[in-house]
Each structure stands twice: as C-alpha cells, then as structure tokens.
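Here the structure comes first, spelled out in structure tokens, and everything after it is commentary.
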C-alpha cells in the first residue's frame, strides 16, 4: 500500500504466523476480525491468508463480507459485529454471515439468520441494554451473545446478564494489569 507520504508493506506470512501462534496458545476457536478493510491491510488479502488457520471472520457490516465475496474466498462463516443494515434474513443466509442484534424487533425479523446478541456491558453505542437482554434472547431464539469488552469487568457483566441460560459467549478483552509487549 502506498501514499505520497508513507509506504506500508504487509507481511501476510507474518500475519498468518501470528494467527497460528494465537490459535496454538488459546486452544479455542479463533475468529479473525477483518472489519475496516482488514484495518487497512486489505480484507480480502488477509482473509485469504488466514482462511485455513481461523474458524471464521468478523466484519462490521454485511456489505464488507459481500464486497470481497468472503464466503467464496474462504468458505468460512462470518459474524457482522455492527448493527444490521438489513432485516432481510435471506441476504444474511446467502452471504453466510450472521447478524448481531440488539433489539426485540431485530431478533424477531432476523431469527432465521441465527443472530447473535450484542450486549452493552459498559461501552456500546449500538448494543442491547442490560434490561432488555432476556427479551431479545427469547424473541430470536438466540443461542450466542457477545460484548466488545475492553476490560475484564465487561466479561464479568456479560456472564452475569446471561446467567442461567445455555449460551455460547464471546468477548474480547485486554488485561490492563499486564504491560504491552515490547516491539521486536
């Protein structure tokens, strides 16, 4: 990638090695987040490099996945983390992308697309408020929920808000008690 002021070279081999190392360490399914055009790295290129390493992909919107033909490129499922751009379940099914929902109406209309619930645990601009979690889960027959966690308190809150339900939970969190690794 080039600009008049900066030249950036992307080592897709290193991106792949990083994902392989992460998968080996966590011993859990790994989903690569490639929203915002792979954070500027080129979503299609990154997805192709990671297709046989990760279990699936996260995009922000359905349109990001369809723009790069993510399913055809990788044959891996995807989750759209942002609010649904369409309430037509067929569009989600055709793209092999599962929508994130945050309201009863969204859950009802997208139930056939196996939506996930996006839960507000303290930082969401477009997630389900705590007082509506049960109603949204029930409306869409939802089996999975996630939060955009930046602290372990967000993960704890997600677990508390969904306690007593057999749900698969997802959260990405950082640990503020550990310093960031030094660059090589």
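Computed values, structure above
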{"quantity": "Residue count for segment 91-104, restricted to those that are out of contact with any helix residue (DSSP H, G or I) (no Cβ under 8 Å at 6 or more places or on another chain) and either without any contact (Cβ under 8 Å) to a residue 12 or more places away in the chain or under 15 Å from residue 55 (Cα atoms) (or both)", "calculated": "1"}
{"quantity": "Spans of helices (runs of 4 or more DSSP H) in segment 69-126 with at least 1 residues within 21 Å of residue 37 (Cα to Cα) and under 16 Å from the mean Cα position of the chain (by Cα)", "calculated": "70-74, 89-95"}
{"quantity": "Residue list for segment 1-42, restricted to those being within 19 Å of residue 64 (Cα to Cα), assigned to a loop (DSSP other than H, G, I, E, B) and touching a helix residue (DSSP H, G or I) at 6+ places or on another chain (Cβ under 8 Å)", "calculated": "34, 41"}
{"quantity": "Count - residues of segment 153-184 that are outside any helix (DSSP H, G or I) and modelled with pLDDT of 90 or more", "calculated": "8"}
{"quantity": "Any hit, segment 18-28, residues being surrounded by 10 or more Cβ atoms within 10 Å (Cβ to Cβ), free of Cβ contacts under 8 Å to residues at least 60 places away in the same chain and under 15 Å from the mean Cα position of the chain (by Cα)", "calculated": "no"}
{"quantity": "Residue identified as buried (at least 16 other Cβ atoms within 10 Å of the Cβ), on the phi < 0 side of the Ramachandran plot, touching a strand residue (DSSP E or B) at 6+ places or on another chain (Cβ under 6 Å) and assigned by TED's automatic domain parsing to the domain that holds residue 157 among 110, 62, 70", "calculated": "110"}
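The values are calculated or read from the model by the stated rules, or taken from the named source; none is laboratory data. Bear in mind that the values here come from a model prediction, so they are computed numbers and not experimental data. Don't worry about glycine lacking a Cβ; one is built from the backbone with ideal geometry, like all the others, and counts go over all protein chains shown.
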